[in-house]
Structure formats: C-alpha cells, structure tokens
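A short worksheet on the structure shown next.
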Amino acid sequence: MHRPLSTSNATQHHYHKFPRQIGEIAHRYNVEELHLSFTQGSWRSEQWGPPTISGHGAGAEVRAKITEDADEDWRGLTNALSGVFCASLNFIDATNTNSPQLSFKGMRHGYLPKENVCTENLTPWVKQLPCQGMAGLGALLNPYRLYNMHFHSMSVDLAPIAVDGKEVLGYKQTLAVVVNPKTFGLEDEWTLAQLVDRDVKAACAAAERSTIRVLQGGGSDRVVLEPKPESEDVVDGYRFGVYDAKKQGGKLENIKFSVDTGAAARQRAAQPAIVAHRYVTGHGGSSGGVESTIVNNSDKVVHVSYMDTLPWYLRLYMHTLTVESESLVDGTASKLKPSSMHYKPAVDRGRPALLELEMDLPAQSRVTLRYGFDKGFLKYSEHPPDANRGFNIGPAIVSYTPIDTDLACAVGAMLEGTGARKCTARVYTELFLASLPTPDFSMPYNVITFTCTILALFFGRMFNLLTRDFVVLKETKDAGQSKKDE
C-alpha cells in the first residue's frame with residue numbers, strides 16, 4: 001500500500017497488497033514510522049558472522065514516530081498492535097517507554113524483554129502477507145521447525161519512501177532464522193523442502209516478483225547449489241545467486257544444498273565490524289553494576305551511538321560512569337571521552353532511566369563502559385510470580401553507519417531494489433537478569449496457618465463448653481456389690 005502522509009481520508013487508501021489492519025492502525029494513531037519485532041534468541045556474531053538483518057534483541061520491541069507525539073496515540077498504538085499480533089504489547093506503558101535523542105531521535109521506544117515468541121504471534125504475522133499461508137513465503141513457514149531453531153526474528157516496518165516524487169508510506173515484513181540442519185537429522189545434503197518440512201508450493205500470484213537469493217562467496221563457498229542459480233546480483237560487493245519464480249511459471253525452485261565438510265572448508269566465520277556484549281556485575285541485594293564491551297574489528301575509526309535503558313528500580317549513578325579503550329594490537333589502554341551524552345534520570349514507578357553516549361571507537365580496539373546502580377525495593381504486589389528468578393533487563397543498543405560494506409545493509413538494499421546505499425546498522429547486546437531483594441512470600445501462608453490453628457482450637461473448646469451437657473454420674477450400691485462378686 002502507498003499512503004500519502006498528508007492524506008486524512010481513509011477512502012483514498014489502497015489495500016490490494018498492504019494489510020488493512022496495519023493501514024487502519026497507522027491512520028488512526030497518526031503513525032509516520034513504525035518498527036515492531038518479535039525475536040527469540042540472540043545473534044552469535046563470533047559463531048555465525050555478520051547478521052543478515054539489522055540487529056534485533058530478544059523479546060518484543062516497538063518504536064514509532066507519531067505526528068504529534070501524543071501519549072494517547074502511543075497507548076492506543078501499543079494496545080492495537082497487541083490485539084493484532086496476540087502479544088503482551090499492552091504492558092508497554094510509561095515505566096518502560098523512553099524517547100531517545102541520539103539513537104532514535106523523534107521516536108518513542110518500548111521494550112518487553114520477557115516476551116515469549118510462539119505460534120500465537122506467527123499466525124497473525126503470516127496473515128498480513130498477500131497470499132497468507134497458501135503460497136509464497138507463508139507456505140514455507142512450519143511452526144514446528146521455526147521454533148526449534150537457534151535464532152528466529154520476525155518484524156513489521158512502516159517507513160516513508162518516495163514513489164514518483166511523492167512521499168508515501170511503505171510496508172515491509174522481514175523474517176530471519178538460523179538453523180542447523182543436523183538438528184533435524186539432515187547431514188551434508190538437503191533440499192529446501194526437507195529443511196522446512198513443507199512442500200515447495202507456487203509463488204504468490206499477487207507478488208510482482210518472487211525470488212530466492214543465496215549469498216555466494218566468503219564462507220558460503222563451501223555450499224554447492226543444485227540447480228545452479230539462473231543469475232547473480234552484486235550489491236555493495238556481495239554476490240547473491242538468484243532463482244526467479246516468475247521465469248519458472250510461478251513455481252518456486254526446490255534447491256538442493258550440498259556442504260563441503262572437509263578441513264579446508266571448516267573456517268571461522270568472518271567477524272562483523274562492531275560486536276557488543278553487556279554483563280551485570282556485583283553481588284548482594286543492595287547494589288550492582290553494568291559492564292558493556294564494544295569491539296571495533298575494522299581498521300578505521302567508527303562513530304557509534306550507545307543507548308541503555310534501565311528500569312526505575314535500578315537507580316543509576318552517573319558519577320560511576322567510566323569509558324576505557326584498549327588496543328587489540330598492542331594492548332595499550334587509555335581513557336575515552338564521549339563526544340556527546342544524554343541522560344534522563346528515572347522516576348520511581350514513573351519512567352525508566354535513559355543513558356545515551358556518542359563516541360569514536362579507535363580502530364582495532366575494545367571499549368569498555370562501566371556504571372553502577374542501587375537496587376530499589378518493590379512492593380510485594382509488584383513482584384512477578386517467579387520473583388526469585390530475577391527481572392529481565394532489556395539489551396543495550398549500539399547504532400552506527402558502516403564505513404565499509406555491511407551485509408545487513410546490502411541485503412536490505414537488494415530486497416528493496418535500491419542498490420548500494422548508506423544505512424544505519426544496529427547491534428543488540430544480551431539481556432541480563434537483575435536479582436532484587438525478595439520478601440519471604442511464605443510468611444503470609446505461615447501467618448494464615450498459625451492463625452487458623454489458634455482459631456480452630458479456641459472455637460472447638462468454646463463450642464464444646466457451650467453445647468455439651470455435663471452430667472454427674474452416681475454409683476449405686478447394687479452396682480458396687482455385683483462388681484465385688486465378680
């Protein structure tokens with residue numbers, strides 16, 4: 001669907017390919033830009049290499065640009081998306097919403113790190129496709145295989161694009177998975193149908209183009225394709241083998257993959273330019289800290305933006321913030337001063353703390369950020385059912401503009417047909433668990449049982465005294481004589 005941003009008449013919208021649900025929600029709540037993602041697992045850069053999509057963190061993430069940035073529109077948007085995608089997005093409120101100034105300027109950002117992704121989210125996501133699950137991409141999605149993979153992320157994006165000189169709203173759905181064929185009993189050779197455990201059906205008739213593209217070169221050289229790709233696309237230095245369903249009469253190709261498992265083929269995955277990790281430090285129930293590590297593997301200085309959101313019950317102290325840089329070449333360490341910083345303190349039960357930093361990462365370096373926090377006390381009613389497990393804290397986000405080629409940007413440009421272009425790459429760190437002071441939830445049970453025991457004993461004794469008749473038994477002489485005879 002193409003929707004002019006200046007148009008307010010819903011009858012002018014076209015829902016031939018654009019999902020009507022999403023279009024009406026965007027129109028009703030004045031949405032200019034939207035990103036919604038559901039992710040299970042974390043991308044392991046050291047093992048899998050550069051991500052094929054811009055980073056997604058585990059859980060559910062919503063960010064949106066609203067025309068007047070009204071609280072009512074934001075609440076309505078999250079509640080509407082919650083109903084459409086069968087998710088807990090209605091729990092995004094003021095306590096887990098922020099408005100970044102450096103990473104996502106002009107947008108509201110909400111995160112649910114504990115959101116579990118399942119078929120309840122996949123089914124409505126598939127229904128937004130033009131052919132739903134009858135043909136094309138939707139027909140290849142097998143939930144039994146999809147949720148048994150190492151990494152799974154699906155997203156919905158709305159963003160303004162230019163068409164015929166006019167600014168319109170473009171819609172995009174993205175699905176990214178990482179699968180190990182050996183998990184499903186497949187060895188060195190398998191077909192696309194065997195991998196997804198579904199028959200390869202025809203392409204979606206409503207699609208203007210329907211292609212399967214396979215990355216060639218690099219670590220993919222050890223994968224042999226049969227039949228060979230009909231053509232190749234080169235985007236930003238990356239080669240993609242292309243299978244065009246339109247040229248095959250609308251029939252998707254059942255590709256056969258053969259993997260060379262020789263010693264020469266077992267090579268380490270290429271490292272992305274930026275890798276980020278985050279850990280929780282400290283022990284005890286009163287205080288703790290965060291240590292984030294950002295590694296620049298490139299030979300050039302990279303300008304990055306770092307954003308971290310901590311809930312209000314982790315009281316961040318900015319005077320504990322330190323930034324250190326260590327060279328990966330000779331190990332020399334030095335202090336690093338951020339070029340800009342934005343900090344918004346938390347309000348108890350009102351809003352989270354927001355920390356944003358912009359800095360230049362030296363070439364071939366490891367930058368470590370450390371800052372401490374105190375742990376607040378929660379009311380007993382504010383603890384989750386599994387309070388002793390801890391609280392999930394959302395990931396930190398590192399944003400940067402790639403200087404050299406970037407796989408995620410190349411894939412995005414290839415799918416949009418725009419060619420090489422500059423884009424913003426994002427890296428999400430892992431979640432961490434924050435253990436807070438937990439009350440003894442067994443005490444109410446102990447008090448109830450102790451009180452009920454006392455009441456039962458008291459009531460029983462008083463009930464017996466009030467209802468029982470006490471009669472004095474007198475022993476007669478005849479009875480006494482008969483006992484002596486016996």
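Each value in this text was obtained by applying a stated rule to the coordinates, not by laboratory testing. Fair warning: this is a prediction, and the values are worked out from it, not measured in the lab. So basically every Cβ, Gly included, is an ideal-geometry build from the backbone, and we count neighbours across all protein chains shown.
Structural remarks
- Ordered by the count of other Cβ atoms within 10 Å of each Cβ, fewest first, HIS56, HIS109 give HIS109, HIS56.
- Relative to the Cα centre, the charge distribution of the chain, modelled as +1 at Lys and Arg Cβ and -1 at Asp and Glu Cβ, gives a dipole magnitude of about 580 debye.
- Nearest-20 debye value, the stretch 189-259 charge dipole, Cβ charges on Lys, Arg, Asp, Glu: 160
- With neighbours defined as other Cβ atoms within 10 Å of a residue's Cβ, the residues TRP74, TRP43 order from fewest to most as TRP74, TRP43.
- Centroid-to-centroid, using Cα positions, the stretch 156-188 and the stretch 43-112 are 17 Å apart.
- In this simple spin-label approximation, SER231 and LEU186 carry label points 7 Å from Cα along the Cα→Cβ vector, and these lie 2.7 nm apart.
- Across the chain, the mean sequence separation of Cα contacts (distance under 8 Å, 6 or more residues apart), normalised by length, yields a relative contact order of 15 percent.
- Percentage of interatomic Cα-Cα distances in the chain larger than 43 Å: 29
- Expressed in units of 2.2 N^0.38 Å, where N is the residue count, the Cα radius of gyration of the stretch 1-152 is 1.11.
- Cα gyration tensor shape for the stretch 189-259, rounded if a/c is under 1.5, else prolate or oblate: oblate
- Gain on full extension, evaluated as 0.36 nm per residue between ASP260 and ALA162 minus their Cα-Cα distance, stands at 30.9 nm.
- Using Cβ point charges alone (K and R +1, D and E -1), the dipole size of the stretch 1-177 about the Cα centre works out to roughly 460 debye.
- The chain - Cys residues lacking any other Cys C-beta under 4.7 Å: CYS86, CYS118, CYS452
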